[in-house]
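Scroll down for the structure; my scribbles are underneath it.
Every number here is computed from the coordinates shown, using simple stated rules; none is lab data. Being a predicted model, the structure only gives us computed values, none of them experimental. Here the Cβ is made from the backbone with ideal geometry for all residues, glycine too, and neighbour counts use every protein chain on show.
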Amino acid sequence: MNSDRFRALWHRAGGGLESHGLFNLLNDHYQEPHRHYHNGRHILVCLQAYDDAAVAIGADDAVEMALWFHDAIYTSGASDNEARSVAWFQELAADQLPGSFISEVSQLIMATCHTDLPVVAGAKFVVDVDLWGLGQAWEGFFADTTAIRREASRLTDADFARGQRKFFEPILQRAHIYFTSHFQHHFDGAARDNIQHLLDHLDSKAVWQ
């Protein structure tokens with residue numbers, strides 16, 4: 001991950017020299033050995049997708065900050081990863097960044113739970129970036145799914161498949177996979193095809209071999 005980019009963002013948001021130490025803490029989290037998908041590479045990919053989309057949508061420091069922190073705390077199978085990431089961000093940002101900015105970023109991080117449909121523009125942007133990988137080429141999509149499977153090694157294949165169906169089937173039922181016109185135009189079709197292909201093959205015992 002790019003320390004200069006993080007420090008520049010932190011400073012634009014109102015922070016100071018504490019950004020050096022904060023980046024190191026953040027980087028340590030994303031290098032934890034149990035992470036195979038939710039790691040620093042995922043953040044780099046998200047930031048690249050953000051940069052590409054910002055040309056059309058517009059840059060948004062709150063969205064970018066949320067992307068840096070949205071998977072800061074991650075335990076496979078836990079239902080409170082985003083809430084714990086928010087709490088950690090708030091602890092680090094307290095007395096360093098404006099309260100209104102902290103609140104906005106916190107709400108955007110929670111949007112990456114993907115439990116409620118995003119309503120405000122920033123939430124739509126951050127959710128679409130987080131789900132960008134659904135619309136990449138099949139090989140990349142399946143590689144990401146395999147990495148997530150490695151993180152969930154405690155689960156049986158059947159339980160993992162059940163969780164994937166629970167997450168993806170409601171997404172397939174939406175009129176659009178993504179919430180912004182930029183992502184809809186560029187990635188909606190590929191994402192829908194990838195998800196359907198995965199669901200069609202989840203019950204095969206050869207999928208993860």
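At most 15 other C-beta atoms within 10 Å and a DSSP loop state: those are the exposed trypsin sites (Lys or Arg not before Pro) I care about. Give me the longest piece of the chain that has none.
Longest run free of exposed loop sites: 1-153.
Note the direction-averaged projected area, equal to a quarter of the hull surface, for the Cα convex hull of the range 1-57, in nm². Intermediate values should be presented prior to the final figure.
Details: hull surface 17.3 nm².
Over all viewing directions, the range 1-57 projects a mean Cα-hull area of 4.3 nm².
Percent of alpha carbon pairs in the range 1-115 separated by more than 16 Å?
So the portion of pairs separated by more than 16 Å is 58 percent.
Express in % the proportion of alpha carbon pairs of the range 131-209 at distances exceeding 20 Å.
30 percent
So how many Å³ per residue does the convex hull of the Cα atoms of the range 109-176 work out to? Can you show the working numbers first?
Working: hull volume 7.2 nm³, N = 68.
It comes to 106 Å³ per residue, whole-number rounded.
Using all alpha carbons of the chain, what is the percent of pairwise distances in each 5 Å bin, ordered from the shortest bin to the longest?
For the chain, the binned pair fractions read 1, 7, 15, 19, 20, 17, 11, 6, 3, 1, 0 percent.
Using a 7 Å offset from Cα along Cα-Cβ at residue 54, what residues in the range 3-29 end up with backbone N under 17 Å from the label point?
Within reach of a label on residue 54, which here means backbone N under 17 Å from a point 7 Å along Cα→Cβ, the range 3-29 contributes 3-15.
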